[in-house]
1. Calculated FRET efficiency, Glu340 and Leu207, Cβ-Cβ r, R0 56 Å, to nearest 0.05?
2. Taking 7 Å along the Cα-to-C-beta vector as the label spot, tell me the Ser485-Asn105 distance in nanometres, rounded to one decimal.
3. Just the Cα atoms of segment 264-328, one point each, no solvent: what log10 I(q)/I(0) does Debye give at q = 0.23 Å⁻¹?
4. Taking segment 471-521 as the region of interest, what is the percent of Cα-Cα pairs per 5 angstrom bin, listed from the shortest bin to the one with the maximum distance?
5. Given 0.36 nm per residue, what is the gain on full extension from Ile130 to Glu404 after removing their alpha carbon distance, in nm?
6. Helix 488-497 sits at what angle to the longest principal axis of the chain, using alpha carbons and giving 0 to 90 degrees rounded to 10?
7. Tell me the label-point distance for the pair Val458, Arg252, using the 7 Å Cα-to-Cβ offset, in nm and rounded to one decimal.
8. Where the convex hull is taken over the Cα atoms of segment 44-132, what is its projected area averaged over directions, in nm²?
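The values are calculated or read from the model by the stated rules, or taken from the named source; none is laboratory data. Note that the structure is a prediction, hence the values are computed from the model and not measured. Don't worry about glycine lacking a Cβ; one is built from the backbone with ideal geometry, like all the others, and counts go over all protein chains shown. Side chains are part of the model used for accessible areas, which takes the heavy atoms of the whole protein and leaves out ligands, DNA and RNA. Shrake-Rupley method; radii C 1.70, N 1.55, O 1.52, S 1.80 Å.
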Amino acid sequence: MAFIVKQKIKGKDYYYLRRSFRKDGKVISKHIAYLGKTREEAEKRAKEIIKNMEKFKEEKKMGKINMIKKDISIEDMASFCKRKGFVYSSGEIYGGLAGFWDFGNLGVELKSNIKKEWWKFHVYNREDVIGIDGAIITNPKVWEASGHVSSFVDIAVVCKKCGNKTKIDKFELGKVNCEKCGGEFETKGEFNPMFTTQVGPIKQDSLKSYLRPETAQLIFTNFKAVYDNARMKLPFGIAQIGKAFRNEIAPRDFLFRTREFEQMEIEYFIKPEQKCLYKLSDSEKNKILVYSSEMQTKNKKAQKMKIRDAYKNKIIKTDWHAYWLEQEFLWFVNLGANPENFRIRQHMDDERAHYASDCWDLEYRFPFGWKELEGIANRGDFDLRQHEKHSKKDLKIFDLLTKEKFLPHVVCEPSLGLGRALLVFMFDSYFYDKGRQNIVLKLNPKLSPIKAAIFPIVKKKNFQKLSREIYNELKKEYNVIYDESGSIGRRYARNDEIGTPFCITIDGDSVKNKDVTIRDRNTAKQFRIKIKDLKNVIQKIINNEKLSDFGKIIDTRTKV
Ligand code: GAP
């Protein structure tokens with residue numbers, strides 16, 4: 001029920017539309033719109049607003065205003081990303097180069113926000129993880145010790161029926177058929193996907209080395225130095241974000257399989273047998289599809305359950321593995337990914353990498369099927385042992401309690417490709433609003449490339465001046481844009497499509513009252529906020545607080 005109320009502020013009358021509703025047995029009343037300074041003006045305005053509210057309710061019931069989830073193919077996502085300035089094929093004016101991509105003005109921001117959020121969650125918010133940044137090219141002996149020179153192998157195959165050229169892993173040899181037509185594969189040989197390079201300009205004196213195929217090895221080679229310098233205690237992790245390169249036989253599916261990509265990895269070290277220090281979630285909300293190697297062997301379906309129960313029922317062998325699988329899943333979900341699109345799948349015995357004693361992938365339901373998003377392997381002491389052997393350096397640490405030296409074990413290695421994470425957030429936020437008739441990219445504001453767009457409602461000098469002042473002030477803190485071209489509706493649509501969470505409009509009242517309208521991207525609701533509060537409010541709403549807690553809602557229907 002909505003009704004008009006009068007409020008006296010500093011001796012002057014102000015009229016508001018107030019709405020009462022029941023919530024959890026309590027009656028709650030809220031101002032929902034400012035109506036003006038006279039009774040007559042207020043009644044006229046209230047009538048309009050109530051009529052529009054009813055029309056909006058009716059249209060919503062009839063499905064006319066409706067935000068629908070749009071499922072699009074990977075090709076359509078690639079062309080959307082190109083059109084909007086997220087990602088371009090690298091060197092496109094020369095025809096591009098398979099497996100290499102450039103990030104445009106929005107892509108670079110999205111990528112950097114994903115990395116920031118990953119670092120915040122995995123490093124800053126924890127006491128037990130610290131970061132490093134290793135070199136892309138290192139001493140080639142690193143790759144001999146790690147097994148990458150001898151055991152990192154892909155097999156090139158061609159489909160005998162349709163000619164599809166692709167790669168398979170060694171364990172798939174003779175077991176898989178062409179994913180396009182089901183035809184049989186013909187093997188074209190084994191290839192090591194490491195890119196080689198010469199270090200040193202004079203050929204005779206130069207050293208053959210490699211572009212790193214994973215960031216992980218630099219963590220292992222620096223382990224002892226980091227352990228000593230940072231004075232860490234087990235259990236602890238070392239994190240790294242950086243480029244990796246693989247000369248993939250068949251780069252495909254846009255950012256899914258590329259030749260140059262970025263990884264976000266942690267090597268989490270424990271004393272062998274050390275128990276996990278953290279609790280697993282008991283929330284029903286955090287259930288996920290679990291697909292163990294046994295379920296796969298017995299041709300059973302994946303089962304939805306809490307990761308906690310998967311550990312209790314011995315489906316996941318170690319407490320640490322269960323913990324990190326849950327952390328990685330929650331990182332995505334907390335940033336707005338759809339939990340229904342995730343599952344965890346255990347590697348089969350013959351599928352595991354040469355260094356892993358157990359491995360689970362966090363998989364995502366891509367438009368081309370369930371695929372690996374992130375690998376979470378138990379690497380044991382394989383890597384430190386190998387580096388100790390090859391470098392002849394003592395990498396053991398000293399246990400003060402037992403007075404013994406030992407090699408820590410990497411009980412878990414969460415290893416995520418940034419490009420794949422970016423795809424997840426793009427797919428899960430891609431909606432179409434039937435009422436607005438445009439795409440709405442519902443990215444979590446923390447990830448949105450542009451945090452707010454600032455518009456003068458029309459190109460009047462005083463509106464433009466105030467808009468510029470607000471823009472210059474907000475720009476000190478956030479990536480915001482100033483936009484005065486085209487109709488206001490067009491400007492909203494442009495920003496909806498690139499995921500800008502807030503549009504700030506400056507109008508005649510703004511000049512007089514020093515306030516602005518903020519429009520929320522997801523609901524198209526508009527609120528009136530004081531200019532002096534803007535910075536603070538934006539910061540709070542980026543951090544998940546509600547816009548409605550900071551300003552008065554205004555009539556959205558008549559304003560747009
Ligand atoms: N250090 C362990 C490691 O590198 P991986 O399963 O080979 O394990 C880890 O790679 C993650 O890196 C994958 O789950 C994926 O997200 C990403 N990744 C691997 N190869 C990729 C490629 N060619 N293109 C894009 N991302 C890739």
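1. With R0 = 56 Å, the Cβ-Cβ based efficiency is 0.65.
2. Calculated label separation equals 1.0 nm.
3. The calculated log intensity ratios at q = 0.23 Å⁻¹ are -1.03.
4. Calculated over all Cα pairs of segment 471-521, the distribution is 4, 18, 26, 29, 17, 5, 0 percent.
5. Result: 96.1 nm gained on full extension.
6. On a 0 to 90 degree scale, this one is about 20.
7. 5.6 nm
8. Working: hull surface 49.4 nm².
Computed as one quarter of the Cα hull surface, the answer is 12.4 nm².
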